[in-house]
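Here's the structure, in structure tokens; my notes come after.
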Amino acid sequence: MTSLDEVGRITIPEYEIMLEAVRERNEELNYMAHWQAFLNALVRSVKKDGKPVYRKFRSFYQPPKDKQPQGGGKLDALAEYKRQKLKEKEKEENV
């Protein structure tokens, strides 16, 4: 949206889709901020016996129930890309 004219032409369903996209992006940013904070806390925090306080990310951050990660994020896409490239490389070596 770059002008008021474009805003005037948008339909309610289009607006709702855009609003949902913004909410999803904000949740992903919130997740990433918590992930970074978790890594920082993990590096620094230890119990008296020297073991880390947070051993798993889920013990540090629980996303809302309706926003549980379902995959499909950038890291999943990158991992899938790398798997495909590895398979292609293995096929080339076997030929």
Tally, over segment 5-36, of residues that are part of a loop (DSSP other than H, G, I, E, B) and under 24 Å from the mean Cα position of the chain (by Cα)
0
Provide a single number: the residues in segment 11-50 that are among the aliphatic types (A, V, I, L, M) and at pLDDT 85 or above.
10
Of (1) exposed (fewer than 10 other Cβ atoms within 10 Å of the Cβ); (2) assigned to a helix (DSSP H, G or I), LEU39 satisfies every one except (1)
What number goes with the only condition from (1) at pLDDT below 75; (2) in a helix (DSSP H, G or I) that THR2 does not pass?
(2)
When the residues of segment 53-88 are narrowed to those that are over 13 Å from TYR31 (Cβ atoms) and touching a helix residue (DSSP H, G or I) at 6+ places or on another chain (Cβ under 8 Å), which ends up modelled with the lowest pLDDT?
TYR54
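The values are calculated or read from the model by the stated rules, or taken from the named source; none is laboratory data. Note that this is a predicted model, so its numbers are computed, not measured. With ideal geometry, Cβ positions are generated from the backbone for all residues, glycine too; neighbour counts draw on all protein chains shown.
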